[in-house]
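Quick notes on the structure that follows.
The values are calculated or read from the model by the stated rules, or taken from the named source; none is laboratory data. Note that this is a predicted model, so its numbers are computed, not measured. In this analysis, Cβ positions are derived from the backbone assuming ideal geometry, glycine residues included, and neighbour counts consider all displayed protein chains. With ligands, DNA and RNA removed, areas are computed over all heavy atoms of the protein, side chains included. Shrake-Rupley method; radii C 1.70, N 1.55, O 1.52, S 1.80 Å.
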Amino acid sequence: MGRTDFGLTLLRRSVVLDPLNVNAYGFLGDALLNLRRYEEFIAVAKNAKAFDPDARSSEGSIGVGYYLLGDFQTARAHCEANGEKDEDAQFCLAVTYDQLGRHSDAEAMLEKIRARVGDSGAMYYSGIYAQWGNTIKALEWLDTAMRLRDPALL
C-alpha cells in the first residue's frame with residue numbers, strides 16, 4: 001500500500017520491544033522476504049536463531065535466504081544442517097540440489113516431502129516445480145492447492 005518503510009519500522013520496533021518473541025522475528029522476516037531484502041532477512045533469521053537455537057525452521061529459513069541470493073552452496077550447508085526435521089530446509093534442499101545439478105537428490109527430497117505430507121503440501125510442490133522450471137507441473141499443483149483450499153495459498 002506504499003507504506004513499506006513505515007511497516008518495517010513497526011515490525012522492527014516489535015522486535016526491540018519483545019526481543020525474546022520468535023514470532024516478532026518471523027513477521028519481520030516474512031516482510032523482508034516479500035520485499036526481496038534477502039540479506040536483511042538472513043540477519044533477522046540469524047538473530048531469531050540466537051534467541052531460540054532449538055527453533056525447527058531456523059537453518060531452513062536461513063538456507064532459503066541464501067538460495068534467493070543465488071548462493072547455493074551456503075544454502076545447501078544451512079539446509080542440510082536440519083534437513084530431516086524442518087519443512088523449510090527440505091523445500092530448500094529440493095530446489096538447491098536442483099540448482100547444484102544434483103537432480104536425483106532433488107527428486108528424492110521432493111519424494112520425502114510427499115511421503116510425509118501428501119497432498120497437503122501442494123503449495124510446496126508448486127513452488128519446487130516452479131523453481132525447477134517445470135511450469136506445467138507447477139500449475140497442476142497450484143490447481144490442486146486451489147481445489148484443496150490449501151491455507152498456504154495466502
Subset of the range 51-96, residues modelled with pLDDT of 80 or more and small (Gly, Ala, Ser), comes to Gly60, Ser61, Gly63, Gly65, Gly70, Ala75, Ala77, Ala81, Ala89, Ala94
Flag for Ala43 being without any contact (Cβ under 8 Å) to a residue 12 or more places away in the chain, over 18 Å from the mean Cα position of the chain (by Cα) and within 20 Å of Cys79 (Cα to Cα): no
Starting from the range 8-28, keep only residues that are closer than 16 Å to Phe41 by Cβ, then list their pairs with residues that are assigned to a helix (DSSP H, G or I) and among the basic types (Lys, Arg) whose Cβ atoms are within a distance under 7 Å, requiring at least 6 positions of separation or different chains. Leu28/Arg12
May I ask you to list the residues in the range 29-38 that are open to solvent by 80 Å² or more (accessible area, probe 1.4 Å) and either within 9 Å of Gly65 (Cα to Cα) or part of a helix (DSSP H, G or I) (or both)? Asp30, Asn34
